[in-house]
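The values are calculated or read from the model by the stated rules, or taken from the named source; none is laboratory data. Note that this is a predicted model, so its numbers are computed, not measured. Using ideal geometry, Cβ is built from the backbone for each residue, glycine included, and neighbour counts are taken over all protein chains shown. Accessible surface areas use protein heavy atoms only, side chains included; no ligands, DNA or RNA. Shrake-Rupley method; radii C 1.70, N 1.55, O 1.52, S 1.80 Å.
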Amino acid sequence: MNPLGVLCVVACVAAVALASPTQQISNLKPSEWLQPSELEQTPSLNEITFEKLENMPLGKGAKLMRKFYHLSQIDRSITPDFVPSPSNIPVYIFNHKGQKKVATLSNYVEEAKKIEDFGDEEVTIFITGLPESLETVKKVNTQMIKSYIQSMSQKSETMEKNQKYQKYANVEEDNDDNDDDDDDDDQSNNWDNEKSSGSYLIVIDLGNTITDMERYATLDVFSCGKMIATTLIKLTNECDVPLDVIHVIGQGLGGNVAGATGKVFYAITDHKLRRITALDPASQMAKHPNMLTALARGSADFVDAIHTSALGMGTTRRVGDVDFFPNGPCDGVNGSKNVIDAHMRATSFFAESVRPANHRNFPAIESISLKQYKSNDGYGKRTYMGIAAARDLSGDYILEVNDHSPFGQRTPAHKQNTYHGVHKTSYLQNDESY
């Protein structure tokens, strides 16, 4: 029997559980109390496609995903048996000019070794979680890549200006009698040989292999994390990449995989990755028995997560040192058209924060709910959601976001007593746009 088709059997098990509350229901959360009629109408996972989720209203899609998750946990009937081959996982290496090298998980380290300045500055690893056959996913992932290219390009321009200034300063201090033509030739040759910013973005397109809901539900998160961790160890060893320049970002299920990557990396090397960012980490349906969840505090030196569909494809569970809940835990943040769109908003928010001058677009307050966030009027610790998240804080943070781009409201928190709240209001209320 198809492992996903057993949801019908699971439905019967759940119906029996509902008929015997003293034996079973006490172990279930209220959100898992489904009526038999609801269970009978619930389709199996292989009857649902990502495209169908895109065409469902947000609330309906979120409710369906919660049903699937709860049913999958009753008897662990869905097993993690999908592991894509490394040679089938596309990998793209982008530099500050937007140029890219195309490889796979099997050989991207060899391609990186050919780049002279690789690892001189930050290396960002972006693990995707859904296929780009979905227009929403393709658009958002393209935004993410463009944001990093803009950021890397700015770093490169700053470096070039500094180098150029230093060269002219050296020329002015040079009192020898070389003629002007020789000086010009030397400067031209040096300019041609200048290095880039040394920053690179590596996109591990795991989402390209998750082509349907069956693969989504049965992905072996730990095995995928182990594969990626092995390549990162090779990258640090053979390309001389310091650990303190590596930032791993995981999208949806890719966030769960990123957590497993960090744990395996630490288990093998006895060193932790610097930072892991999870963009709407997913409710993981298939899990290995007696194994802790893949993504958690400790997966890296610092773990942060952005939850934009906590009651849909995401999770309400705290998974990081700092967990951000834009507009509070919800089916999907304001403006989301469907559960796929809501799931991808976390990537859109992070991409916006990466762009130059936007690092502090998303000020957030430590709170446990949107109601508390509003009633406290800004009391409590503050940090910024996105690339500028403070690494010396922990807890759940709430903020409000706009329905459309630019999403960051850049509204400062008031009445702060900690050093995280001393920034001037005017600094965050610039009307800059991108």
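Of the peptides 397-407, 63-73, 289-299, the ranking by mean beta-carbon count within 10 Å, highest at the top, reads 63-73, 397-407, 289-299.
Placing a label point 7 Å from the Cα of residue 47 along the Cα-to-Cβ direction, the residues of region 67-102 whose backbone N falls under 14 Å of that point are 68. Proximity of backbone amide H atoms, modeled 1.01 Å from N, is registered between residue 250 and 127, 277, 278, 279 at under 5 Å, excluding neighbours fewer than 5 places apart on the same chain. Between residue 154 and residue 268, the modelled label-to-label distance comes to 3.5 nm, taking each label 7 Å out from Cα in the direction of the beta carbon. Nonpolar atom fraction for region 41-117, defined as the carbon and sulfur part of the 1.4 Å probe accessible area, stands at 47 percent. A straight chain from residue 212 to residue 334 at 0.36 nm per residue would run longer than the Cα-Cα distance by 41.3 nm.
Spacing of the modelled spin labels on residue 390 and residue 290, each 7 Å from Cα toward Cβ, amounts to 4.3 nm. Here the extension length gained between residue 240 and residue 79 equals 54.2 nm, from 0.36 nm per residue of separation less the Cα-Cα distance.
Along its three principal directions, the equivalent ellipsoid of region 65-104 from the Cα gyration tensor extends over semi-axes of 38, 15, 5 Å, largest first.
Take the Cα coordinates of region 310-409, assign each an equal point scatterer, and use the Debye formula without solvent to give log10 I(q)/I(0) at q = 0.16 Å⁻¹. Here the Debye-derived log intensity ratios amount to -0.63. Taking all protein chains into account, the per residue accessible area for region 226-313 stands at 32 Å² (1.4 Å probe). Modelled this way, with points 7 Å down the Cα-to-C-beta line, the labels at residue 409 and residue 146 are 2.6 nm from one another.
For region 349-392, which whole-number percentage of the solvent-accessible area (1.4 Å probe, protein heavy atoms only) is attributable to carbon and sulfur atoms? It is 50 percent, rounded to a whole number. As an equivalent ellipsoid, region 361-406 spans semi-axes of 16, 16, 8 angstrom, where each value is the square root of five times an eigenvalue of the C-alpha gyration tensor, largest first. With a Förster radius of 25 Å applied to the beta-carbon distance between residue 139 and residue 316, the computed FRET efficiency rounds to 0.40.
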